[in-house]
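Below is one structure; the comments refer to it alone.
The values are calculated or read from the model by the stated rules, or taken from the named source; none is laboratory data. Computed from a predicted structure; not experimentally measured. We place every Cβ from the backbone using ideal geometry, glycine too, and count neighbours over all the protein chains shown. When the accessible area is computed, the model is the full protein with side chains, heavy atoms only, and any ligands, DNA or RNA have been set aside. Shrake-Rupley method; radii C 1.70, N 1.55, O 1.52, S 1.80 Å.
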Amino acid sequence: MPSEPASNAPPQQESGATAQAPRRPGNPRVIWIAAVAILLLLLLALLWYLLFKRGRESTDDAFIDGRAVAVAAKIGGYVRELAVNDNQRVGAGDLLLSIDPRDYRNALDAALGQEAQVSAQLDVARLNLQVARTAQPSDLISARATLAAARANYVKARADLERERRVDARATTQSQIDAANAQERSAAMEVRDARARVNTAGLAPQNIAIAESQMRALQAQLAAADAQAQQAQLNVSYTELRALQTGRVTRRNVERGDFVQPGQTLLELVTPEVWVTANFKENQLAHMRPGQPVSIRVDAYPKLRLRGHVDSVQMGSGSRFSAFPAENATGNFVKIVQRVPVKILIDSGLPADQALPLGLSVEPTVDER
């Protein structure tokens, strides 16, 4: 049986588009590695949140705060001496500047002279009162005695006159009768004069009261003169402006030779005590309490890390104490998240030679756990 001839021709291609070969599934090992890496990232993110974010509140609306004491002139005058420069550190009691004191020393001398004059007048009034308290009662007693003697003389003169009148005309003379009449009239005048003296001396209590009133008036004048002298002494002391506490000179706007007015602010003293005022959102205050530890980062000094604690939370939002508080009861209302100032005290981390100017931006983080 003859064999079929072998055909060397290539196999005929199928008509139409060649069928696409199926894709091979990816490597399972790569898939597992990717899944494990994603899981690890999620675990790390969760761990980072639990360790560093959970129970912590921070804000970038915070700054260094402190006390700036305004130093103002109590009196007016020309600045004679300026003892400080800008940003100079001064201690309590150090001289800052002095005002020309000559006018105020003259006023002090005049006030002291007036006080001495009134004091001398008061001494005289005090002596007059002592004299009045002693002499006025004695004068009254003497006047009454004189009145009694005058009355006795008048009685005698009256009796002599009556006797002369009863005597027979041949036993007396007209001159004797006239003398008796004159004696009687003179005795009557002495009685009236003595009575007047008694009435005058009877005003002894009133005279003593007048002397007492004069002394009290001079005492009041002396008190007023003493007050004027003390005020003049104070004005002399006000010519020297001294620091009431330790601090650094800031915002100095006075020079030697300037004329300053009473109440004019000449400079400010920034005290060494500083703290952080952090304006947290109201929804960050739920678990914030005084005493909680705080870490503080200062923008001006990136390498500086400060530690502190929450001191207190202001009893009111910042907008409540603004110059123009919001009137939510009128017009349309849009709710805005309020910020509340929180005072944070610095406990450690601040070098002794490191200054923190007021107003520096900081970022505190409160640990509420």
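Local charge sum around Ala229 (other residues, Cβ-Cβ under 12 Å, Lys/Arg +1, Asp/Glu -1)? Intermediate values should be presented prior to the final figure.
Working: positive: none; negative: Asp109, Glu115, Asp226.
Charge balance near Ala229 sits at -3.
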Query - 5 angstrom amide H check on Arg56, placed H, neighbours 5+ away - result: Glu368
Report summary line: Counting only protein heavy atoms and leaving out ligands, DNA and RNA, the solvent-accessible surface of Leu44 at a 1.4 Å probe, in Å² to the nearest 10, equals 110 Å²
Query raised in the report: Using alpha carbon centroids, what distance separates region 216-295 and region 92-135, in Å?
Result: 31 Å
**Report entry** Karplus (6.51, -1.76, 1.60) ³J(HN,Hα), θ = phi - 60°, over region 229-235, in Hz, Gly and Pro reported as x
**Finding:** 5, 5, 5, 5, 5, 4, 4
Query - Loop-located GluC sites (Glu not before Pro) in region 208-307, at most 15 other Cβ atoms within 10 Å (DSSP) - result: Glu255
Requested in this report: Arrange the residues Met315, Met288, Met189 by how much accessible surface each exposes, largest first, with a 1.4 angstrom probe.
Outcome: Met315, Met189, Met288
Query - Accessible-area value, Arg339, 1.4 Å probe, nucleic acids and ligands omitted, Å² - result: 80 Å²
Query - Portion, in percent, of the accessible area of region 69-137 that falls on carbon or sulfur, probe 1.4 Å - result: 49 percent
Query raised in the report: Percent relative contact order of region 254-368, based on C-alpha pairs within less than 8 angstrom and at least six residues apart?
Result: 38 percent
Requested in this report: Count the net charge of all other residues whose Cβ sits under 12 Å from the Cβ of Leu356, scoring Lys and Arg as +1 and Asp and Glu as -1.
Outcome: -3
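Express the carbon and sulfur contribution to the solvent-accessible surface of region 215-351 as a percent, rounded to the nearest whole number, probe 1.4 angstrom.
On the way: 4550 of 8580 Å².
Accessible surface attributable to carbon and sulfur in region 215-351 totals 53 percent.
May I ask you to rank Lys281, Lys74, Lys335 by accessible area, largest first, using a 1.4 Å probe over the protein chains only?
Lys335, Lys74, Lys281
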Query raised in the report: With r defined as the distance between the Cβ atoms of Gln314 and Ala116 and R0 fixed at 41 Å, what FRET efficiency is calculated, to the nearest 0.05?
Result: 0.15
Report summary line: Residue by residue through region 279-292, the couplings from Karplus 6.51 cos²θ - 1.76 cosθ + 1.60 with θ = phi - 60°, in Hz, x for Gly and Pro, are 9, 7, 5, 5, 7, 9, 9, 4, 10, 8, 9, x, x, 5
Report summary line: Residue-ordered couplings for region 68-80, obtained by feeding phi - 60° into the Karplus form 6.51 cos²θ - 1.76 cosθ + 1.60 and rounding to whole Hz (Gly and Pro as x), are 10, 8, 7, 9, 10, 7, 8, 10, x, x, 8, 6, 8
Report task. List every residue whose amide H lies under 5 Å from the amide H of Leu304, counting only residues 5 or more places away in sequence or on a different chain, with H placed 1.01 Å from N in the peptide plane. Result -> Val298
